[in-house]
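Q: Supplied in structure tokens, the structure appears directly below.
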Amino acid sequence: MQWWFTGEVTWYAPRPIALALVPALAISIFVSMIILSLNGRTRPGQAGLILPALIGIGITVLVIQLLHFWLIEKTLHRNSR
């Protein structure tokens, strides 16, 4: 969904597409990060930062998905009144 500054929904995607968007993006991000980490050269002393970076990205993606669900729930409750 997209919201205007007033909180009004201006556009929404079909439900299956909307719910699958963030996991599909997360999978593509993780696959590209894993490929880059396996094939790229790291600078000296930075090889140990790959796993923490992947964990940080995973937490960020999870928070974005939870925000997405919260916004959907907020909109559905507002429209059901």
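The values are calculated or read from the model by the stated rules, or taken from the named source; none is laboratory data. Only a predicted model underlies this, so the values are computations on that prediction, with no experimental measurement involved. Note that each Cβ is placed from the backbone with ideal geometry, even for glycine, and that neighbours are counted across all protein chains shown. Each accessible area value is taken on the protein alone, full model and side chains, heavy atoms only, with ligands, DNA and RNA left out. Shrake-Rupley method; radii C 1.70, N 1.55, O 1.52, S 1.80 Å.
Q: If you check every pair at least six apart or on different chains, which have Cβ atoms under 9 Å apart with a residue in the stretch 13-42 that is under 15 Å from PHE69 (Cβ atoms) first and a residue that is open to solvent by 60 Å² or more (accessible area, probe 1.4 Å) and not in a helix (DSSP H, G or I) second?
A: Filtered contacts from the stretch 13-42: ALA13/MET1; ALA18/MET1; ALA18/TYR12.
Q: Out of the stretch 23-75, which residues are exposed (fewer than 10 other Cβ atoms within 10 Å of the Cβ) and either under 30 Å from GLU8 (Cβ atoms) or basic (Lys, Arg) (or both)?
A: Residues satisfying the conditions are ARG41, ARG43.
Q: Of all the residues that make up the stretch 1-22, how many are among the β-branched types (Val, Ile, Thr) and open to solvent by less than 100 Å² (accessible area, probe 1.4 Å)?
A: Residues flagged as among the β-branched types (Val, Ile, Thr) and open to solvent by less than 100 Å² (accessible area, probe 1.4 Å) within the stretch 1-22 amount to 3.
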